[in-house]
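Participant: I have a structure I would like to understand better, so I am pasting it below and will then ask my questions one at a time.
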Amino acid sequence: MRRLLMIVLAVALVVPALGAQRAVDQRWALDSDGAVKIYNYVGRVRVVGWDRDSVVVTGSVAPGVRIFGGGSRAAVKLGAEGGQRGAADSAVLLVRVPVGANVWVRGAATDIEIEGLVGSVDVGTVSGRLTLRGSPRSAIVETMNGALLVRGAPTVLRAKTATGSLTFDGAAAEAVLGTVSGRVEVRAGPLGRVRIESVAGDVDLEAALQTDGDVTIETHSGNVDARVPKSNIPRVHVRSFRGTVRVHEG
């Protein structure tokens, strides 16, 4: 009987824990080109563009965490709050916004994905992965220690990491890519005016340039390997103080 009682108590403790995450489902009206600000300091955020004039948030939050939000048809601010100090306080959010919205997201230990937007994007996280897919008008994306992937054709791109890798697979009229020690990989193209800056991270470039495009690469001690069509080679400018440099026909 004593053993059975212990089992019952154990189950009673486990069941609430398994069901502890609370479902989220909130929505607000927003103009097709409205602004959206999103905060989530622990967990995940995925922002997806859709063809409706509204913002809809679904997902789940840990006990003690709640979703706040509000605003007008021109701008909506939302996020998770309630002492997000660790994984036990996480929030996992899927946020659907008008495809033309201007989106701003901030996180700390937060993985962030942005997909299918054509407005402006401004996203930053500290230790999480950051992924941007699509062709926004402008994009500012930054993560300190996580990996950063941009796949698409933003018109203007600013991308930065500290120790995380930075991969750009696509095209841009103007781009500035920077890292301290992460590896930078640039693929596809065509690229317009591009500047790549690194302290110790290696740079690997394999892309075509636009008719009026050019690429400048500066690194202190990283190695540079640039492979471009033969006609583009004179428009790739590289400076490395300690690393090895190779620029050749791809």
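The values are calculated or read from the model by the stated rules, or taken from the named source; none is laboratory data. Note that the coordinates shown come from a computational prediction; the quantities given were computed from them, not determined experimentally. Methodologically, a virtual Cβ is constructed for each residue, glycine included, from the backbone with ideal geometry; neighbour enumeration extends over all protein chains shown.
Participant: If you check Arg242, Arg227, which single one turns out to be part of a strand (DSSP E or B), at pLDDT below 95 and at negative phi?
Facilitator: Checking each option against the conditions leaves just Arg227.
Participant: A further question on this structure: Looking for whichever is modelled with pLDDT under 95, touching a strand residue (DSSP E or B) at 6+ places or on another chain (Cβ under 6 Å) and either in the same structural domain as Ala173 (by TED's automatic domain parsing) or surrounded by fewer than 20 Cβ atoms within 10 Å (Cβ to Cβ) (or both) here; the options are Asp122, Asp89. Which one fits?
Facilitator: Checking each option against the conditions leaves just Asp89.
Participant: Here's a follow-up. Could you say which residue among Gly164, Gly178, Gly182 is over 17 Å from Ile217 (Cα atoms) and modelled with pLDDT of 95 or more?
Facilitator: None of the others qualify; the one that does is Gly164.
Participant: Go through the range 168-212 residue by residue and tally those that are on the phi < 0 side of the Ramachandran plot, assigned to a strand (DSSP E or B) and crowded, with 24+ Cβ neighbours inside 10 Å.
Facilitator: Residues that pass the stated criteria total 14.
Participant: Something else now. Condition first: crowded, with 17+ Cβ neighbours inside 10 Å and either in contact with a helix residue (DSSP H, G or I) (Cβ under 7 Å, 6 or more places away or on another chain) or among the polar types (S, T, N, Q) (or both). Now tell me which residues in the range 216-240 satisfy that.
Facilitator: Answer for the range 216-240, where residues must be crowded, with 17+ Cβ neighbours inside 10 Å and either in contact with a helix residue (DSSP H, G or I) (Cβ under 7 Å, 6 or more places away or on another chain) or among the polar types (S, T, N, Q) (or both): Thr219, Asn223, Asn232, Ser240.
Participant: Looking only at the range 68-86, how many residues end up being over 20 Å from Ala23 (Cβ atoms) and polar (S, T, N, Q)?
Facilitator: 1
Participant: Find all pairs meeting these conditions: Cβ atoms under 9 angstrom apart; at least six residues apart or on different chains; first residue within the range 231-250 and assigned by TED's automatic domain parsing to the domain that holds Ala200 and under 12 Å from Val203 (Cβ atoms); second residue assigned to a helix (DSSP H, G or I) and not basic (Lys, Arg).
Facilitator: Val247/Ile233
Participant: Return the total of residues in the range 98-124 being in contact (Cβ under 8 Å) with a residue 40 or more places away in the chain and either of a type in the set (A, V, I, L, M) or assigned to a loop (DSSP other than H, G, I, E, B) (or both). Lay out the reasoning, then the answer.
Facilitator: Of all residues in the range 98-124, those in contact (Cβ under 8 Å) with a residue 40 or more places away in the chain come to 98-119.
Those still in the list that are either of a type in the set (A, V, I, L, M) or assigned to a loop (DSSP other than H, G, I, E, B) (or both) too: 99-101, 103, 105, 107-109, 112, 114, 116-119.
Total satisfying the criteria: 14.
Participant: Is it the case that Ser138 is small (Gly, Ala, Ser), closer than 15 Å to Val47 by Cα and either in contact with a strand residue (DSSP E or B) (Cβ under 6 Å, 6 or more places away or on another chain) or crowded, with 18+ Cβ neighbours inside 10 Å (or both)? Give the steps one after another, and end with the answer.
Facilitator: Working: small (Gly, Ala, Ser): yes; closer than 15 Å to Val47 by Cα: no; either in contact with a strand residue (DSSP E or B) (Cβ under 6 Å, 6 or more places away or on another chain) or crowded, with 18+ Cβ neighbours inside 10 Å (or both): yes.
Spelling it out, it is not the case that Ser138 is small (Gly, Ala, Ser), closer than 15 Å to Val47 by Cα and either in contact with a strand residue (DSSP E or B) (Cβ under 6 Å, 6 or more places away or on another chain) or crowded, with 18+ Cβ neighbours inside 10 Å (or both).
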